[in-house]
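Following: one structure in structure tokens, then a few remarks.
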Amino acid sequence: MTNQAPPPPPPPPSATVGLGTRLADGEWHRLHPATPLLRGGLVLIFIIGWILSQARESLFNLLLGQRGRDDGDPIGYLTTGGRLPLALLAIAGVLIILVGIFYLSWRVHEFRITDEVVEVRSGLIIRSNRKGRLDRIQGVNIVRPFFARLVGAARLEIDVAGHDANVRLDYLSSSNADGLRRDILNLASGTRQREAAEVQAAGGPKSFVEQRVSELLAPELHPDTAPAESVVKVHAGRLIGSIVLHDTTLTFLVFLIAGGAVSVVTGHAFAVFFVLPFLFGLGSFIVRRFTKSLQYSIAATPDGVRVGFGLLTLSNETLPPGRIHSVQVRQPLLWRFPGWWEIRVNRASKSNAKGADGQHNTTILPVGNLDEVLRVLGLLLPSLSAVEALDVVRLGISSTGTAGGFVTSPKRARIVRWFSWRRNGYARLPGAILLRTGAIWRQLTIVPEPRVQSIGLHQGPVYRRLGLAHLDVHTVTGPIRAELGAMDRDVALDFFDRVSRSVVAAVGADATHRWRSGEV
């Protein structure tokens, strides 16, 4: 008969234990020790390297014991007249001061996670304090810049609803960043006392080099926290094709050819220089879109949808349930032939990490076919995962007319909607509003009813004459405008009345902001 140790006591009321981290205990903690180097020290190193590269000839002569010449070269000036020891002493003093400032700034930069807020205080001379409420969190993003990955660090960004309300922790160790994200999402979900499973130590402990290599090769340190396989894979060939056929690339080529043609005809290169800044901006956008879309993945987790992307700088973000305010599926003109679409979203916050389109993480799927689009929509909006709802969404994306229960513009709307009046319309599903527009550049906007802020209806003089009206479904500010024009006036009034009442009921019954509140 063996004596068994008594079970460990439960965690204190303010603690929430996560996988591999105890940072969400309500106490103040400091950031990664390499934070001063990553935030400011690298710039200092680059400056010193640039100075040394400019003075490499004088340094080479100095190592060979040759006398430097005071001919304007800074190293030659310092090596003459016994100035070099004094200069080295001054440089050492400046470095010591800078290192001291970096160290003190790291010491006073602290954070804590409680059951209600994420709080950061910082500042050596001017003190600042930033708080983000857990019940207003819109997403948690982990960014791993290349140099930070070399030392095993990552930046944790908590997106909070509101203007400039985000809270950033740069930098944490990569394992702490992953674990702290889970802790924050657990707290935001309504879980108060939830003791996580023990950290799996498969394969035994890793050396420092082995851990750095594994972090460089994989964006997720703990793949067991999310499905290993993404529901969509964006292959390099399709990604390149989508960029070549994108409207932005065509605009770039048109301006480049036009500038070159004008320069050839006139015999002057002024036209090229005139459009050069514009071309540089478009070219940067195209390159950024390609690099940010590499290694794309999207998967479901218990705390929402996780989206990952990036080449050298890896970023993966978890979008909790109920934080997506509208979704738009759109198709540029030349994407119609291969049948490609992209998905964008509106959120109540803006992430500092740039997404696949160079914007604030609004592009959720950079390119995909119709089946892949439906799979992603099923993750983003679980209420649409039923087969009947997906059939309506499929018809809304690819068809025209009243199929799927869509109410379209009347025939007299041809005056203001020459090509799209048959496609222009709306449909309603349980908990969601679908707005379909565009015959040349097609798009479908889906707005969850609990996220609707207001509904607008207006008529201009032309619409009033034609008996038409314009509908607006207002959500948070973002790249998507949920609007529908050229609808029959009586249909628009009926939409306004029915949807207004339905939205009020949906908002009252919504509990997605506490998606684990029933857990203990």
Dipole in debye (nearest 20) - the stretch 297-514, about Cα centre, beta carbon charges: Lys, Arg +1; Asp, Glu -1: 680 debye
Relative exposure of S385, S173, judged by other C-beta atoms within 10 Å (fewest first): S385, S173
Highest to lowest packing among 278-286, 388-396, scored as the average C-beta count within 10 Å: 388-396, 278-286
Selected from T437, W418, T477, residue furthest toward positive end of dipole (the stretch 381-520; charges at beta carbon): W418
Approximate spin-label separation F278-L457, in nm, with each point projected 7 Å along Cα-to-Cβ: 4.2 nm
Only Lys, Arg (+1) and Asp, Glu (-1) charged, at Cβ; the stretch 421-479 dipole about Cα centre in debye: 280 debye
The stretch 305-344-the stretch 362-383 distance, computed between alpha-carbon centres (Å): 7 Å
Ranked T249, T301, criterion: other C-beta atoms within 10 Å, fewest first: T301, T249
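Relative to the present Cα-Cα distance, how much length would full extension add between Y103 and T248 at 0.36 nm per residue of separation?
47.7 nm is the gain from fully extending Y103 to T248.
Read-outs: derived from the displayed coordinates by stated rules, not from any lab. What you are looking at is a predicted structure, and each value in this text was computed from that prediction instead of being measured. Don't worry about glycine lacking a Cβ; one is built from the backbone with ideal geometry, like all the others, and counts go over all protein chains shown.
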